[in-house]
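Everything on this sheet refers to the single structure shown next.
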Amino acid sequence: MSIHILWDHERPEGIELPVARMIKMILGEDIGLVEYPFLVDGYDRERNQHDAQKILDRLQDTLTRRYEFCGPLLLVTPRDLYVNGCDFVFGLARPVSGVAVVSTARLRNDYYGRVPDDVDLIDRVAKEGAHELGHLLGLGHCENPECVMFRPRTLDELDRKKKMLCPVCRETLGPREG
């Protein structure tokens, strides 16, 4: 099995390969970069954010039904995401259909008034991408704050996570070819 990453056309440039390599290291799965025209919808003017559920609906419909694409698929977008009941989400997965989305908006230092740093951005996108893909591979949230499957509620919690699965999550995932 191979994991696929689709990058939004407005993505931060130059982070695709380092992120893909880190996700492969974390999950032990081969990574393919997908190039399909994809319209990111679900924009809510009142919130100035995109509805992550609507993006997953479109992703599921466009790529899995229209193009008959199968296998875990992650969209990385710079658009700020939310789901009902939350101010924002870093990402969201829909395991039943094998699609997930991660936003770089709140993973960037400049969002918080910090000095921009591509190393921080790559690290965060890789950890959050591996987290959402982990859900697509059957993993749930982990209580270990250093595990990539821990659910971060803040950027600091995300930064404290290591780029690895804890032993329990690694065992649950099982041996991987890669």
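Can you work out which of the residues in segment 73-83 that are touching a His at 6+ places or on another chain (Cβ under 9 Å) and under 20 Å from LEU121 (Cβ atoms) is surrounded by the most Cβ atoms within 10 Å (Cβ to Cβ)? Lay out the reasoning, then the answer.
The initial filter retains those residues of segment 73-83 that are touching a His at 6+ places or on another chain (Cβ under 9 Å), namely 73-74, 77, 79-82.
Then keep just the ones that are under 20 Å from LEU121 (Cβ atoms); that gives 74, 77, 79-81.
Working: LEU74: 29, THR77: 23, ARG79: 19, ASP80: 18, LEU81: 23.
Filtering first and then ranking leaves LEU74.
Quick one: in segment 24-55, which of the residues that are part of a loop (DSSP other than H, G, I, E, B) and aliphatic (A, V, I, L, M) is surrounded by the fewest Cβ atoms within 10 Å (Cβ to Cβ)? Before you say what the answer is, go through the steps one by one.
Step one: list which residues in segment 24-55 are part of a loop (DSSP other than H, G, I, E, B), which gives 28-29, 35-42, 45-48.
Checking which are aliphatic (A, V, I, L, M) leaves us with 39-40.
Numbers: LEU39: 8, VAL40: 18.
Looking at the filtered set, the residue picked out is LEU39.
Return only the number of the condition from (1) modelled with pLDDT of 95 or more; (2) in a loop (DSSP other than H, G, I, E, B); (3) of a type outside the set (Lys, Arg); (4) in contact with a helix residue (DSSP H, G or I) (Cβ under 6 Å, 6 or more places away or on another chain) that GLY140 does not satisfy.
(4)
Conditions: (1) surrounded by 15 or more Cβ atoms within 10 Å (Cβ to Cβ); (2) among the charged types (D, E, K, R); (3) part of a loop (DSSP other than H, G, I, E, B). ARG58 meets all but one. Number of the miss?
Here ARG58 meets the rest and fails (3).
Within the group CYS70, CYS86, which residue is closer than 13 Å to ILE3 by Cβ and either loosely packed, with under 14 Cβ neighbours inside 10 Å or touching a Phe, Trp or Tyr at 6+ places or on another chain (Cβ under 8 Å) (or both)? Spell out the reasoning first.
Values: CYS86 fails: closer than 13 Å to ILE3 by Cβ.
Result: CYS70 is the single residue among CYS70, CYS86 that is closer than 13 Å to ILE3 by Cβ and either loosely packed, with under 14 Cβ neighbours inside 10 Å or touching a Phe, Trp or Tyr at 6+ places or on another chain (Cβ under 8 Å) (or both).
When segment 98-129 is examined, which residues are found to be part of a loop (DSSP other than H, G, I, E, B), of a type in the set (Gly, Ala, Ser) and surrounded by fewer than 17 Cβ atoms within 10 Å (Cβ to Cβ)? Walk me through how you get there before you give the answer.
Initially, segment 98-129 is screened for residues part of a loop (DSSP other than H, G, I, E, B), giving 98, 104, 108, 113-117.
Next, from what is left, pick out any that are of a type in the set (Gly, Ala, Ser): 98, 113.
The one that is part of a loop (DSSP other than H, G, I, E, B), of a type in the set (Gly, Ala, Ser) and surrounded by fewer than 17 Cβ atoms within 10 Å (Cβ to Cβ): GLY113.
Residue by residue, here is whether (1) farther than 20 Å from ASP30 by Cα; (2) in contact with a helix residue (DSSP H, G or I) (Cβ under 8 Å, 6 or more places away or on another chain); (3) touching a residue at least 12 places away in the same chain (Cβ under 8 Å); (4) of a type outside the set (Asp, Glu) holds:
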{"residue": "VAL99", "(1), (2), (3), (4)": "no, yes, yes, yes"}
{"residue": "ASN109", "(1), (2), (3), (4)": "yes, yes, yes, yes"}
{"residue": "ASP118", "(1), (2), (3), (4)": "yes, no, yes, no"}
{"residue": "ASP123", "(1), (2), (3), (4)": "no, yes, yes, no"}
{"residue": "LYS127", "(1), (2), (3), (4)": "no, yes, yes, yes"}
{"residue": "ASN144", "(1), (2), (3), (4)": "yes, yes, yes, yes"}
{"residue": "LEU158", "(1), (2), (3), (4)": "yes, yes, yes, yes"}
{"residue": "LYS161", "(1), (2), (3), (4)": "yes, yes, yes, yes"}
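What number of residues in segment 146-156 are assigned to a loop (DSSP other than H, G, I, E, B) and without any contact (Cβ under 8 Å) to a residue 60 or more places away in the chain?
So the answer is 6.
Among residues belonging to segment 1-23 that are part of a helix (DSSP H, G or I) and surrounded by fewer than 18 Cβ atoms within 10 Å (Cβ to Cβ), point out the one that is nearest to the chain's Cα centre (by Cα). Explain how you work it out, then say what you get.
Going through segment 1-23, the residues part of a helix (DSSP H, G or I) turn out to be 16-23.
Within this subset, residues satisfying the condition of being surrounded by fewer than 18 Cβ atoms within 10 Å (Cβ to Cβ) are 16-18, 21.
Working: GLU16: 12, LEU17: 15, PRO18: 14, ARG21: 14 Å.
Top of the filtered list is GLU16.
Among (1) free of Cβ contacts under 8 Å to residues at least 40 places away in the same chain; (2) buried (at least 16 other Cβ atoms within 10 Å of the Cβ), which single condition is LEU136 missing?
The one condition LEU136 does not meet is (1).
The values are calculated or read from the model by the stated rules, or taken from the named source; none is laboratory data. Just so you know, these numbers come straight off a predicted model, no measurement behind them. Cβ coordinates were reconstructed from backbone atoms using ideal geometry, including for glycine residues, and neighbour counts include every protein chain displayed.
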